[in-house]
Amino acid sequence: MTVETVATAPIAGQKPGTSGLRKKTHVFMGPHYLENFVQATFDAIGGVAGKTLVLGGDGRYFNDRAAQVILRMAAANGAVRVIVGTGAILSTPAASHLIRLHGTDGGIILSASHNPGGPDEDFGIKFNTPNGGPAPESVTEAIFARTQSIAEYRILSAQDLDLSAPGRRDLGGMAVDVVDPVADYAALMEGLFDFAAIRALFAGGFRMRMDSMCAVTGPYAREILERRLGAAPGTVVNATPLPDFGGLHPDPNPVWAKALMDEMMGPDAPDFGAASDGDGDRNMVVGRGIYVSPSDSLAVLAANAHLAPGYAGGLKGVARSMPTSAAVDRVARALGLPAYETPTGWKFFGNLLDAGRATLCGEESFGTGSDHVREKDGLWAILMWLNILAVRRQSVADILADHWARYGRTYYSRHDFEAIESARAEAMMTALRDSLADLPGQAIGGLTVQAADDFAYADPVDGSVSRHQGVRVLFADGSRIVLRLSGTGTEGATLRLYLERFEPDPARFGLDPQDALAPVIAAAHRIARIAEFTGRSQPDVIT
Ligand code: G1P
Ligand code: ZN
């Protein structure tokens, strides 16, 4: 086995977005594309000589090939050890846990999360730092800078390594520890939640449906829900991870997890439904006949976390991304906890979690998690709900009703306008930003603008400032709209419009969110002139 040094040249566009580098799979499979980015990552973190890394991915098309390339490059760059999941599979939260458990120098996760997989779909790669979390902007910027000056990469000439079963292998002097992807993660969950109480719940006839969407959580959910917690066999559906996710769009929301929604809203629905995404960090939870919006889910988890043994001592604080609704802020106020508002993307929670300022974090985009790892964690959220249901012995609908009665209801929705021509989307955002100073005081369809800004975040731990994180318009009645462009798409631009309205009156808790938000939606279209700039008057996806 020899180390080859391969001459290469910078490839344009290798800029990590909200969550790593995401491109069409065929782009990643192009000459030197993956290799350049991996070498740039290694270089940007000061090389990997003598270091230990974790490696795994969500099993999508090209996961296996990319993993072999990365192993050969890690060996050629002098890494001493790589811990890799069997078959190069690891859910994102499981990878985060392994980095922390073994105190490694970081890890590489292969995933495009909830984006579809396959030769014509998406692939992605992300570097996580030794705290287990996604690399902060300072690191992703250094990686990007390196991709623009790279001239060579190092790779071992060797055959593929057998990753089909656990055990230690050698690759040119580097140890490769192939580990069961599920075992350590399942043990972590068992330490946080009251498995005995959840087992008793299932033993009493409680029925659940878990849709793993042919993605990475299948084996995790089967082991934890069916084997360890005694949920009925067959509780987990779409449980076999497939390279193309069986053609599904593995994004757990009411649109893409429609089969689950239909079952939960239909006759004889189970007591509880849940779904997770491609790489296992997102979650959707649904009760019998009732959908739980992610912002509400975060608020309910914050209010009830003390019912789970791992959180019995209370929370240190909560954090939410700026576009997430303020529902959790109300819980924080009632509990006397600090509440933080960060830009979109899990990487911004890392410092707060590391510094012990926050215990629970969440995003409106079906992401919830805690300080047990440094990624959002789909199964963790589902287990937290199960723990709460097992202790309170109430339905999801009753728990939500109680919550709203106590804290008020925040109506919330996100409208996505996908694959807009980038120049038109940029022009719209520029015009909107230029109009911000004139907005306060304007009355738009019965709503008066109180304040408008372009969100900037000053990290309270390291002082770093992130600007242009989304335009916020606040109305006098407390309603709010937020607009930003997605940083995870691979085709054109996706405009995200976030809509929120607080309702304190219990007589008005039963509205359809789209109806409750109708004036806010209309105001958003007028303020941002969405149709004029983008040619779209209706969103493609509503969550
Ligand atoms: C989206 C979500 C964001 C999440 C990210 C990764 O990013 O909106 O909350 O952290 O995916 O799962 P966006 O496409 O909006 O940049
Ligand atoms: Zn994901």
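The values are calculated or read from the model by the stated rules, or taken from the named source; none is laboratory data. These numbers were taken from a predicted model, which means no experiment stands behind them. Cβ sites come from the backbone with ideal geometry, for glycine too, and all protein chains shown count toward neighbours.
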Where a residue in region 356-369 is over 16 Å from T92 (Cα atoms) and basic (K, R) and its partner, wherever it lies, is near ligand 1 (Cβ under 7 Å from one of its atoms) and outside any loop (DSSP other than H, G, I, E, B), with Cβ under 7 Å and at least six apart: none
Please give the number of the condition A274 fails out of (1) within 16 Å of ligand 2 (Cβ to nearest atom); (2) closer than 25 Å to N131 by Cα; (3) modelled with pLDDT of 95 or more. (2)
Take the conditions within 16 Å of ligand 2 (Cβ to nearest atom), of a type in the set (D, E) and either farther than 30 Å from I542 by Cβ or touching a residue at least 40 places away in the same chain (Cβ under 8 Å) (or both) and apply them to D281. Does it pass? yes
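Assess whether E491 counts as being at pLDDT below 95, within 16 Å of ligand 1 (Cβ to nearest atom) and either under 24 Å from S295 (Cβ atoms) or surrounded by fewer than 22 Cβ atoms within 10 Å (Cβ to Cβ) (or both). So that I can check it myself, show each step before the final result.
On the way: at pLDDT below 95: yes; within 16 Å of ligand 1 (Cβ to nearest atom): yes; either under 24 Å from S295 (Cβ atoms) or surrounded by fewer than 22 Cβ atoms within 10 Å (Cβ to Cβ) (or both): yes.
For E491, the condition - at pLDDT below 95, within 16 Å of ligand 1 (Cβ to nearest atom) and either under 24 Å from S295 (Cβ atoms) or surrounded by fewer than 22 Cβ atoms within 10 Å (Cβ to Cβ) (or both) - is met.
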The condition from (1) crowded, with 24+ Cβ neighbours inside 10 Å; (2) within 17 Å of the chain's Cα centre (by Cα); (3) basic (K, R) that R409 misses is numbered (2)
Residue within region 214-229 that is within 16 Å of ligand 1 (Cβ to nearest atom) and of a type in the set (V, I, T) present: yes
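Residues are listed down the side, and each one gets a yes or a no for (1) within 16 Å of ligand 2 (Cβ to nearest atom); (2) closer than 13 Å to G124 by Cα; (3) at pLDDT below 95:
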position	(1), (2), (3)
A12	no, no, no
G17	yes, yes, yes
M29	no, yes, no
Q39	no, no, no
K51	no, no, no
G78	no, no, no
G87	no, no, no
A94	yes, no, no
Among residues of region 348-405, those that are within 17 Å of S293 (Cα to Cα) and within 16 Å of ligand 1 (Cβ to nearest atom), counted: 16
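Would you kindly identify the helices (runs of 4 or more DSSP H) lying entirely within region 284-397 that contain at least 3 residues that are crowded, with 23+ Cβ neighbours inside 10 Å and within 16 Å of ligand 2 (Cβ to nearest atom)? So that I can check it myself, show each step before the final result.
Working: elements: 294-304, 327-335, 350-354, 378-392.
Passing ranges, in order: 378-392.
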Report yes if M428 is crowded, with 24+ Cβ neighbours inside 10 Å, of a type in the set (A, V, I, L, M) and assigned to a helix (DSSP H, G or I), otherwise no. no
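For region 468-484, which residues satisfy the criterion of being hydrophobic (A, V, I, L, M, F, W, C), surrounded by fewer than 18 Cβ atoms within 10 Å (Cβ to Cβ) and in contact with a helix residue (DSSP H, G or I) (Cβ under 9 Å, 6 or more places away or on another chain)?
none
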I'd like the full set of residues that are closer than 26 Å to Y411 by Cα and in contact with a Ser or Thr (Cβ under 6 Å, 6 or more places away or on another chain), limited to region 304-318. L315
Could you give me the residue pairs with C-beta distances under 6 Å whose first residue belongs to region 245-262 and is surrounded by fewer than 22 Cβ atoms within 10 Å (Cβ to Cβ), whose second residue is of a type outside the set (F, W, Y) and in a helix (DSSP H, G or I) wherever it lies, and which are 6+ apart or on separate chains? P254/M261
Only one of E491, E500 is in contact with a Phe, Trp or Tyr (Cβ under 6 Å, 6 or more places away or on another chain) and within 26 Å of H114 (Cα to Cα); which? E500
Quick one: in region 165-210, of everything that is among the charged types (D, E, K, R) and farther than 24 Å from L360 by Cα, which residue is surrounded by the most Cβ atoms within 10 Å (Cβ to Cβ)? R209
Odd one out for T104 among (1) assigned to a loop (DSSP other than H, G, I, E, B); (2) hydroxyl-bearing (S, T, Y); (3) within 13 Å of ligand 2 (Cβ to nearest atom): (3)
